[in-house]
Amino acid sequence: MIARTALLALLPIVAVIALTQRRRLTAIIGMGLFSFLLAVSYLLLHAPDVALTEATIGLGLITAIYVLAIRRTGRLTIVADEAPGLFVREGDRIVGLEHEILARFARHLGLDLSVQFVPHRDVADLVRSGEADVGAGGWVPGEEAGVFATRPHLDTALFTVGGAEGEAGEGVPRVRYEGYFADLDPKSLYTAETPVTLDLARFLAVRRSDVPDGSVTRHPQPRGYAFVVNERRRDLHSALDAYIERLREDGELDRLTRRFLA
Amino acid sequence: MAFSVGVVLFGIGLVAIAIRRDLVIKLLALGLTNAGSILCLVAVGDRPDARVPICAVCRDAIYADPLPQALVLSAIVINFAILALALVFVMRLVEQYHSTDSRHIEDLVQRDLDARGGP
Amino acid sequence: MILAVLPLSRFVLGLLCRLSERTARLLAAVGWCLSAALTIFLIVETRDGSAITVGLGGWSADLGIVLRFDAVSAAVCPLVLLLELAVLLYVRRDAPRPVFYALLQFLLGAVFALLLSQDLFNEYVILELLTLVGFLLVGYDRRPSQVWASLKYLVLASIGMGFFLVGVAVIYRHTGTLNLGLLAEILADRPEAPWSVLAATLLTAGVAVKAGLFGFSQWLPAAHSAAPPAVSALLSGLVIKMGIVVILRLSQVFPLGTTLQIFGAATALLGVVYTAYARNLKRMLAFSTLSQIGYLVLGLAIGTPQALAGVLDYAIAHGLFKGLLFLAAGEASRAVGSGRFTDLVSNRAAIPNATVGALLVGTLGIVGLPPLAGFGAKAVLFGSHPNVFVATIMILTSIGTAFAFAKLLPLFRFRRAAPRASHRIAAYAVLALPILFFVPLTGVTLPSLQLGSGLRPLLAVESVGAIAIGVLLHRLSARRTPRLPRRIFFLEEAVLAILIGLLLVYLFLSV
Amino acid sequence: MRPRPFHLLAIVCTVCVVLVVLLAFHSVDPETAPHATYVERPVAETGATNRVASVYLNYRLYDSLLEILVFFVAVLGVRFYLGARERPDVPPLAESEVVRTSAALLFPLAVLLGVYLAALGQISPGGGFGAGVIAASGLLLTSIALGIDAIDRRIRRNAIERIERGALLVLLLLMLLPLPLGHPAFTDLLPKGAPGAVLSSGAIPLYNVLIALKVVAGAWLILRSFVRHRGEI
């Protein structure tokens, strides 16, 4: 009786823990554990047939297909936000400089490339948690903990847009744009109260649409686009760095840059 | 007790479907809602002092009701069928949009529809 | 035992459809003929208003599952057959894969099974089967918009079925039976127990998702407009009706009158507003299904025998003209290359004459021009003395429908030298003829539907008046159409809407 | 995750729904005895001492059949939507020798357990569905050890499909068979035997074996598709 009550009380707790996980694999394994506890509860509820079915289907079959669906062996997983010229969706294809570099890098390692578009703010998070191997999509390195940035492969600059004139610049809180590139709306950007900081690729895309010039400040210090890799994946980090260096040395990087960004 | 836990699990699943944006997590939560309703159904046939309904002559004691248990066997299988098919569809969406974020996919679908003059 | 053959034969045929498209088509024809023969036999047997009951496996209703062929089944079975025939003729040219025919057989088997079912859990399993088959059919072309629409459909329908299952648990806990007939007897003694209100709430809310009631129906427009035309016709014409049939059965057990009235009115109004301002033909038809569902539910809310007959009439009529409209709209959009009204009107020369004719018949049917199908069915509903609220909503819906479909007026031009002939005339004829001769046909075959009893000359004037007002409003209204919010059809918002809807149902039922 | 008004609204509504259900459900005496309709029926009626099996495969066989159809549709759908483009060569999942050996050892065990559960479903907990899934997971283990192509070479996919369809077809025909024979009950096809014996309860063991066959084939087809397409999300 006590065992039954305790087990039943445990079920919602396990479910909540499993469903608040950030990593999908952890969530799936958590739900597998939940199914196991549920099967035991069915035994204690005098339903051995149900317990057996739940154990085989809920615990076995469902967990198996979900793990199979997300488990990537032999894949290089990229998380990225779209960035014009660097990493963009065209129909069901992806094109851009960064995509091209990573696709060649994956081929170099003998892996399949798998891309997942996520909001800009989630890129570092997903790389840090190990959900993805490499983060990309117009990433300008800052002081993110837990991730390594590769050496920059392309120069860029930061721009601050919006807010009252002259306000932007030193001392003003620089809110980096965090959402999907797809959601970037020039109108609301230029009329926003707080100034928003954009990198060159996104800034150009916003400028191209015919919105009146708001207040725009160009940040003086030079920056560069880079990829991010998990801190623990030193091997991947150095391999990617070396690969980009090689591309730069034989002039291929310049050719690609001209092809995608000219 | 078991019925209440079932309803609570159902609720947790619903909240997770509504606020988690990742489709894989949403499907896991959908599995949880179904598991909750199944637990409710098992619970109504049971009592703490009942026995397992396997017996030749079942008269001398209280037995758990076999009907809800038999129904639940069907429900568990249906739950699996739903989760498997939904997962396959998510795989197709990922292939197309490279995203499992429901909001993002919704935006992209709307844009595709607008571009092509609707379905 | 013959009743079991009706659904089971379809499942057998579905299993056999695998080798080639030709055999699959042959099997579909066999299935149709078999079902048609059985249906005719059963309708003749039950002409006097009786019902045929069979306990499967020889068990009675308190132990096993009982199938029952009653007036509801007798009314809907012919619609099923007509729509199936039209869809089979329509897809012939597309040469779909055998898997399409297999899914079609499973869908129809499930529809027949549901029409015969009298058992709550049995209905749960069949509704899930319908959900899954419908889900696969909506995504049949595997376009991402279809895949996404059908994924939303699956998630929401599955949540609804979860509520339904909890409702089944509550019912079984307190009554010990799942059979609707036995349940009605038990509940006749104590209708107002808190658990019976709870069970009614959960069951109704669960089915409402499948039936497309306001608040529960956020998946419907996307799924019905994204699906291939033949599938849209089946979904709008049949699958949605299955939800209505279950609600009808529930309303005979639980006192759902007020709840259905409010939700029916809300569904009808929401549907009409979105129909009026849709910019795309298939999307407009999907929203119009919503408003017509509201109409049906309002009829159920009246609850008298004549109103129920009217609901069945209208369900048949709607199945016919919505099926026809979806099929014709599919061909028109394909011929023009776009479903937008502006594109359709500017390229109307590309649409074959037969398709235009089908659209015209469907439109006249749906707006209720006497003496076509829509009018005949509405006449019975109006003849059942609805209260002022219900009558007002019904008239508003009629006007709104006429207003919306007036957008199609520029398309109705026939050309002497047609650019292309349509290959689908047979499919259109199967549905168009019953629409044109609805009143005499149903009067002869299904006397229980009480057609004719509500036909008054005044009603014809009112109906034409409503159409005239609708068309006039369309002429007067500004060219620019407002953009209605799309956000309420997103997945997360839809889940929230279901929750709020469930609370409202509980509120209305317990007051 | 930052809380937003929408999230709060969703949580509040769900809590309301949960409270409504719980309060209304517990408004009457919560601890009455369960209904005893089915345990009180004489065992001779179906011959099965496992009363769940007697409900599942006799009184409510129709539901079970529909449920297996749902499973069949799921298999059909998974194969239709995943099968269109198969990646040619998928390496074994496990690289280590230990995993391979243990997987190879576990396979016969899984099959044995499956056979046991299917054959004795009428007198002990089990039944065809669980049995089929267990046997199919045995195949999954083997595919982990040897690679999916090794299994595909040994068991042709056509054969599996035929088993799946055939088993279900036989089930459906058994359901329709009583019609020309004038038999009322599903399980009257075979003798009832002594309650508790291995060969008893009329056709229930037969149904269990057929369901197990159908499920092992169906579950393997699903698992196989997912192994071929693994890691696609």
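Dividing the alpha-carbon radius of gyration of chain B by the rule-of-thumb value 2.2 N^0.38 Å gives 1.51. Based on the convex hull around the alpha carbon atoms, the range C:243-337 presents an average projected area of 6.1 nm².
Expressed in units of 2.2 N^0.38 Å, where N is the residue count, the Cα radius of gyration of chain C is 0.91. Charged side chains reduced to their Cβ positions (Lys and Arg at +1, Asp and Glu at -1) give the protein assembly as shown a dipole of some 2860 debye around its Cα centre.
The Cys residues in the protein assembly as shown with no partner Cys Cβ within less than 4.7 Å of their Cβ are B:C40, C:C17, C:C33, C:C77, D:C13, D:C16. Other residues whose C-beta falls under 9 angstrom from the C-beta of C:Y90 contribute a net charge of +1, scoring Lys and Arg +1 and Asp and Glu -1.
Here chain A is treated with +1 on each Lys and Arg Cβ and -1 on each Asp and Glu Cβ, and its dipole about the Cα centre works out to around 620 debye.
Think of the range C:256-477 as a dipole: +1 on every Lys or Arg Cβ, -1 on every Asp or Glu Cβ, centred on the Cα centre; then among C:A427, C:V336, C:T363, C:V336 lies furthest on the positive end.
In this structure the amide hydrogen of D:G231, modeled in the peptide plane, comes within under 5 Å of the amide hydrogens of A:A69, A:I70, A:R71, none closer than 5 places in sequence on its chain.
Counting neighbouring beta carbons within 10 Å and listing from fewest to most, the residues C:W32, C:W148 come out as C:W32, C:W148. Work out the FRET efficiency for D:V170 and D:L199 from their Cβ-Cβ distance, taking R0 = 22 Å, and round it to the nearest 0.05. With a Förster radius of 22 Å, E is 0.70. Per-residue mean of foreign Cβ neighbours for D:166-178 is 3 (Cβ atoms of other chains, 10 Å radius).
Summarising the amide proton neighbourhood of D:G47: residues at separation of 5 or more, or on other chains, whose placed amide H is nearer than 5 Å comprise an empty set. With the convex hull of its Cα atoms as the shape, the range A:2-70 has an orientation-averaged projected area of 4.2 nm². Each stretch of four or more DSSP H residues adds -39500 (n - 2.57); spread over every residue of the protein assembly as shown, this sum gives -21000 deg cm²/dmol at 222 nm. Straight-line cross-link reach from D:K192 at under 16 Å between alpha-carbon atoms covers these aspartates and glutamates, not counting any fewer than eight positions away in the same chain: D:E45.
Here's the list of lysines a cross-link from B:K26 could span, going by alpha-carbon distance under 17 Å and ignoring same-chain residues fewer than 8 apart: C:K152. Per residue of A:15-25, other chain Cβ atoms within 10 Å of the residue Cβ number 5 on average. Going from the residue with the fewest nearby Cβ atoms within 10 Å to the one with the most, D:S64, C:S150 rank D:S64, C:S150. Around the amide H of A:G224, modelled in the peptide plane, lie the amide H atoms of A:T156, all under 5 Å away and 5 or more residues distant in sequence or on another chain. Within the listed set D:E45, D:E97, D:E161, the Gaussian network model of chain D (springs between alpha-carbon atoms below 10 Å) gives the highest mean-square fluctuation for D:E97. For the range C:256-477, a simple Cβ point-charge model (Lys and Arg +1, Asp and Glu -1, everything else neutral) yields a dipole of about 860 debye relative to the Cα centre. Share of pairwise Cα-Cα distances greater than 15 Å in the range C:103-190 is 64 percent (whole percent).
Volume of the convex hull of chain A (Cα atoms only), normalised per residue: 173 Å³. Counting only other chain Cβ atoms within 10 Å of each residue's Cβ, the peptide C:330-338 averages 1. Counting alpha carbon pairs within less than 8 Å and at least 6 residues apart, what relative contact order, in whole percent, applies to chain C? Relative contact order of chain C: 16 percent.
Springs between Cα atoms under 10 Å define the GNM used for chain D, and in it the highest mean-square fluctuation of D:A212, D:A110, D:A197 occurs at D:A197. Our summary of shape: the Cα atoms of the range D:48-228 have principal axis extents of 55, 34, 22 Å, ordered from largest down, in whole angstrom.
Remark on the range C:256-477: hydrodynamic radius 17.5 angstrom, per the Kirkwood mean of 1/r across alpha carbon pairs.
Straight-line reach from C:K282: taking Cα to Cα under 16 Å and skipping same-chain neighbours fewer than 8 places apart, the lysines in range are C:K322, C:K407.
To check you understand DSSP bridge types, tell me what percent of the beta bridges within the protein assembly as shown (both residues inside) are antiparallel, rounded to 5. Roughly 70 percent of the beta bridges in the protein assembly as shown run antiparallel, per DSSP.
Over the C-alpha atoms of the protein assembly as shown, the Rg to Rh ratio, Rh being the Kirkwood estimate, stands at 0.98.
Considering only the other residues whose Cβ falls under 11 Å of the Cβ of C:F100, what net charge follows from Lys and Arg at +1 and Asp and Glu at -1? Spelling it out: positives minus negatives among the neighbours equals -1.
As a rough footprinting exposure proxy, the listed residues B:L9, A:L43, A:L8, C:L320 were ranked by other beta carbons within 10 Å of their own, and the order from fewest upward is A:L43, A:L8, B:L9, C:L320.
If you take all other residues with their beta carbon under 9 Å from the beta carbon of A:F87, and give Lys and Arg +1 and Asp and Glu -1, the sum is -2. When the protein assembly as shown is described by a simple charge dipole with +1 on each Lys and Arg Cβ and -1 on each Asp and Glu Cβ, the residue from A:I57, D:A219, A:T191 located farthest towards its positive end is A:T191. For chain A, what are the DSSP H helices with axial Cα length of 15 Å or more and mean Kyte-Doolittle hydropathy of at least 1.6? Span-like helices here: A:2-19, A:24-44.
Bear in mind these aren't lab numbers, they're just calculated from the coordinates by the rules spelled out. From a predicted model like this one, the values you see are computed outputs, not experimental measurements. Ideal geometry is used to build each Cβ from the backbone, glycine not excepted, and the neighbour counts take in all protein chains shown.
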